[in-house]
Amino acid sequence: MRVLVIGANGAIGKQVVQKLKDTEHEPVAMVRDSDQVAYFEDFGAKTVVADLEQNFEKAFDEIDAVIFAAGSGGHTGADKTIIIDQEGAIESTDLAKKFGVQRFMIVSSMGAGNPKEAKQIKHYQYAKHRADEHLKQSGLNYTILRPGGLTNETGTGKVNLQEHISERGTIPREDVAATLVHLLNNSRAENQVFDLLEGETPIENVLD
């Protein structure tokens, strides 16, 4: 499949593109600035320059699947969270439907299922929640992945993937990326929502 990675220049997105290159899929990295293109072209990945805050419809040309890994980041205010994490994801869902995309995966957040219970960054959880719910109702073949606290540690290749995890925890961004790529072709991940933390199950064995 030709897979559009939205938020490709982010910490998770970069690793998703790299890992997709090692599969039968063809990643297309969507980046906001032209100076970000060279990073991906250096290892043979295709790119499209498009901005979630502008018209980015051109990015969906001849795309079979979408992995939405974009995020406003912790250094921005609530306005950017709404624009990127909520409205950017909602518009991406609508464009995917318009262009006949077969598969849509999104990086959400543990706690987005019930944002009223959030103790911190409540606006972020609400934004993720609204994006997730819109995707669920879209009719697209979706997977919503809700990782715990993200770290920059080297991935272990082992995770805890369940429909709901009650305890809190963390997960390396590398393992989030690897899980997304692994679940792309897994029929048991279709139209499902999963929490994700570091754990003991090898990623290649999840949902077996």
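Can you give the FRET efficiency for residue 121 and residue 54, using 1/(1 + (r/R0)^6), R0 = 30 Å, r = Cβ-Cβ distance, to the nearest 0.05?
0.70
Modelling each spin label as a point 7 Å along the Cα-to-Cβ direction, I'd like the residue 41/residue 91 distance in nm, to one decimal.
2.6
Hey, with R₀ at 22 Å, roughly what FRET efficiency would residue 163 and residue 133 work out to, going by the Cβ-Cβ distance, to 0.05?
0.85
Take the Cα gyration tensor of the range 133-208, multiply each eigenvalue by 5, square-root it, and list the three semi-axes largest first, rounded to whole angstrom.
Over the Cα atoms of the range 133-208, the ellipsoid semi-axes are 21, 14, 11 Å.
Magnitude of the Cβ-charge dipole of the chain, K/R +1 and D/E -1, about the Cα centre, nearest 20 debye?
For this selection, approximately 460 debye.
Quick one: work out the % antiparallel among DSSP beta bridges in the chain, nearest 5.
Percentage antiparallel, nearest 5: 15.
Give me the tail of P(r) for the chain as a percent: Cα-Cα pairs with distance above 32 Å.
When all Cα pairs of the chain are counted, 8 percent exceed 32 Å.
Need the full-extension length gain, residue 187 to residue 208, defined as separation in residues times 0.36 nm minus the C-alpha distance. One decimal, nm.
6.5 nm is the gain from fully extending residue 187 to residue 208.
I need the calculated FRET efficiency for the pair residue 99 and residue 22, taking r as the beta carbon distance and R₀ as 30 Å, to the nearest 0.05.
Here the calculated transfer efficiency is 0.70.
For residue 200 and residue 156 in one chain, what is 0.36 nm times their gap in residues minus the Cα-Cα distance, to one decimal in nm?
14.9 nm
Only the coordinates and a few stated rules stand behind these numbers; no lab work does. Bear in mind that the values here come from a model prediction, so they are computed numbers and not experimental data. So basically every Cβ, Gly included, is an ideal-geometry build from the backbone, and we count neighbours across all protein chains shown.
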